[in-house]
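The values are calculated or read from the model by the stated rules, or taken from the named source; none is laboratory data. Not measured: the values here are computed from a predicted model. Please note: Cβ atoms are built from the backbone with ideal geometry, for glycine as well, and neighbour counts cover all protein chains shown. Calculation scope for accessible area: heavy atoms of the full protein, side chains included, ligands and nucleic acids excluded. Shrake-Rupley method; radii C 1.70, N 1.55, O 1.52, S 1.80 Å.
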Amino acid sequence: MDSGWPRQPQRSGRPAPQERPARRERTAAPEQPGSPERPAPEQRPARSARPARGASTRRPAALPSTSRPSAALPSTSRPSAARPSATRDVLTLVALPLIAALALPAAFAGGGTRRWFGGRSEGQRAEAQAAKDAAAAAFYELDTAQRDLRISIETITAVDDSPAARRAVADFGALGRRIDEASQKYITAVDAHDLDRDELEASVAVRARTELVAAKDELVRVKADLDRFEQSLAPLLGKAETQLARLAPAVERARQALLAASNALDAVRRTGLKADDLAARLAALGPELTKLNQGAGQHGVPETVERAERVSREAAAVASEAERLPERAAEIDHRLVSLRTRAQALTTRAGQVEPVLSELRRRFSAACWQDLQQVPDQAAENVRQAEAKLREARAAREAQRWPDATSLLTTVRALLNGTDEAVSAAGDRLRRLNAVQKDPQQEIDRTRFAIRDAQRLAMSGRTTPEPRHARPLDDSVGRLDRAVATLEGRHPDYWHFLTETEAVRQTVAHVVAQIREERGGA
């Protein structure tokens with residue numbers, strides 16, 4: 001069967017049967033000693049005129065060997081007609097290796113169908129193939145860059161909904177259309193020309209190279225525009241990546257905070273405390289956890305991060321209060337005992353207000369004690385309300401309504417503080433009135449010293465004081481003089497005198513603070 005390969009010259013040790021020469025007949029005469037055998041010329045076998053094509057040109061094995069002595073077959077004994085045949089044999093032996101050398105490359109060139117010496121067409125084929133490879137590389141780079149940039153755009157849109165982000169998405173869509181056009185141009189150029197086809201014409205190769213180079217250049221230009229667009233996205237992408245980097249940790253912190261709050265509530269309940277309000281607050285975070293589990297793809301990255309941070313704060317607050325709940329319960333118990341003891345003490349002190357008022361009435365004018373007439377009744381009422389609130393706080397503590405118990409205890413404390421101030425005011429009034437009645441000059445000197453000190457400060461570094469400083473100080477001097485004048489008479493109003501001197505000192509202190517502030521700022 002013909003395999004398609006060129007036939008190689010046959011090398012055989014024997015000629016074709018029809019070309020085999022007749023064997024040389026030996027003479028029947030016995031050999032003479034010392035004389036070589038000499039066949040008759042007419043008995044020498046006839047040579048074939050030319051060996052058949054493809055047959056070996058070696059001598060037949062039946063011919064006399066060249067190892068015999070040269071005297072056995074002298075060259076002078078050959079007929080002259082055999083010399084041209086010998087010359088042709090030598091030429092055939094020389095030509096056969098040249099023919100084989102020319103045939104071997106064709107035999108190993110892929111079936112012998114492509115020309116190896118195509119000249120200009122083969123060069124154009126190589127250039128077109130190089131252009132095709134370059135275009136393929138450019139197409140691959142552009143496709144890779146587009147895929148990477150698409151991931152960046154998706155990252156931005158998942159986080160940012162600003163006008164800049166929407167504009168970036170629109171610009172990427174326009175670039176995508178340009179990329180599709182350039183890619184289609186490249187694919188069309190590749191499909192239009194089969195560069196592996198046999199007998200490719202030079203003009204076809206040139207046209208293919210031109211189209212492929214143009215497609216490659218377009219791909220490179222679009223790739224450059226894509227790179228510049230990617231650089232312009234750096235601020236938006238950095239912001240988006242920052243928020244995405246916060247997303248997973250924020251969600252995980254929220255889950256861990258919820259778990260810690262739940263564990264803290266379980267620990268508190270094992271001590272016998274109910275903590276129903278904390279349990280209700282923790283249950284309210286359940287829907288938020290569901291939204292966190294649904295992911296940022298459904299609710300958006302910024303909203304999910306914000307929700308996770310809010311859940312973390314609220315769950316941490318629940319856990320903290322749950323951990324402090326045993327301590328809080330002990331603190332409420334202590335405050336209940338302490339406020340009850342204080343209420344009882346105020347009841348005793350309120351009973352002492354009446355004797356103080358009696359002494360004030362007996363020794364001083366009505367203006368000195370008239371505002372204290374309601375202190376005993378008001379103290380008794382405040383103590384009664386405080387004791388009622390204490391009972392309610394005790395009930396709230398037993399029911400483990402911790403916020404209610406805390407609120408009631410705060411109200412009790414405010415009532416007792418007001419009562420304490422009113423009861424103390426009566427005794428303090430009597431003490432101050434006794435002091436000023438005994439020696440009013442001490443209060444006068446104290447006030448005048450404050451005025452003079454402020455005046456020296458106002459004149460420091462100046463020849464004349466500032467009017468806004470001098471006027472209130474001058475008014476304070478006149479006000480003090482009028483207060484001193486009220487002490488004259490049979491029943492002086494000592495309480496009015498004390499309130500006036502105190503008001504003067506406050507005015508002077510305000511002027512001093514103003515001067516120091518202005519000079520300190522300068």
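The table for this structure:
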read-out: Verdict on R349 being closer than 30 Å to R432 by Cα, part of a helix (DSSP H, G or I) and among the charged types (D, E, K, R); value: yes
read-out: Residue match in region 296-310 (condition: more than 30 Å from E241 (Cα to Cα), in contact (Cβ under 8 Å) with a residue 12 or more places away in the chain, open to solvent by 50 Å² or more (accessible area, probe 1.4 Å) and not small (G, A, S)); value: no
read-out: Residue match in region 187-196 (condition: open to solvent by less than 60 Å² (accessible area, probe 1.4 Å) and closer than 21 Å to T144 by Cα); value: yes
read-out: Single condition Q373 does not satisfy, out of (1) open to solvent by 70 Å² or more (accessible area, probe 1.4 Å); (2) among the polar types (S, T, N, Q); (3) over 23 Å from R490 (Cα atoms); (4) modelled with pLDDT under 90; value: (1)
read-out: Hey, S152 among the hydroxyl-bearing types (S, T, Y), exposed (fewer than 14 other Cβ atoms within 10 Å of the Cβ) and either at pLDDT 85 or above or closer than 30 Å to L236 by Cα (or both) or not; value: no
read-out: Region 217-243: number of residues that are in contact (Cβ under 8 Å) with a residue 24 or more places away in the chain and either touching a Lys or Arg at 6+ places or on another chain (Cβ under 7 Å) or open to solvent by less than 60 Å² (accessible area, probe 1.4 Å) (or both); value: 13
read-out: Matching residues, region 399-414, being in contact (Cβ under 8 Å) with a residue 60 or more places away in the chain and in a helix (DSSP H, G or I); value: W402, P403, A405, T406, L409, V412, R413
read-out: Boolean, A414 is open to solvent by 30 Å² or more (accessible area, probe 1.4 Å) and modelled with pLDDT under 85; value: no
read-out: Cross-chain or 6+ apart pairs with Cβ under 8 Å, region 130-153 first and more than 18 Å from V169 (Cα to Cα), then outside any helix (DSSP H, G or I) and open to solvent by less than 80 Å² (accessible area, probe 1.4 Å); value: K132/L195
read-out: Subset of region 323-348 [within 12 Å of L273 (Cβ to Cβ) and surrounded by 13 or more Cβ atoms within 10 Å (Cβ to Cβ)]; value: E323, R324, L325, P326, R328, A329, I332
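Listed here are the residues, each with its yes/no results for (1) open to solvent by 20 Å² or more (accessible area, probe 1.4 Å); (2) out of contact with any Asp or Glu (no Cβ under 9 Å at 6 or more places or on another chain); (3) among the aliphatic types (A, V, I, L, M); (4) closer than 25 Å to E354 by Cβ.
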| position | (1), (2), (3), (4) |
| --- | --- |
| D428 | yes, yes, no, yes |
| T447 | no, no, no, no |
| A458 | no, no, yes, no |
| R468 | yes, yes, no, no |
| R479 | yes, no, no, no |
| R482 | yes, no, no, no |
| T486 | yes, no, no, no |
| L498 | no, no, yes, yes |
| R516 | yes, yes, no, no |
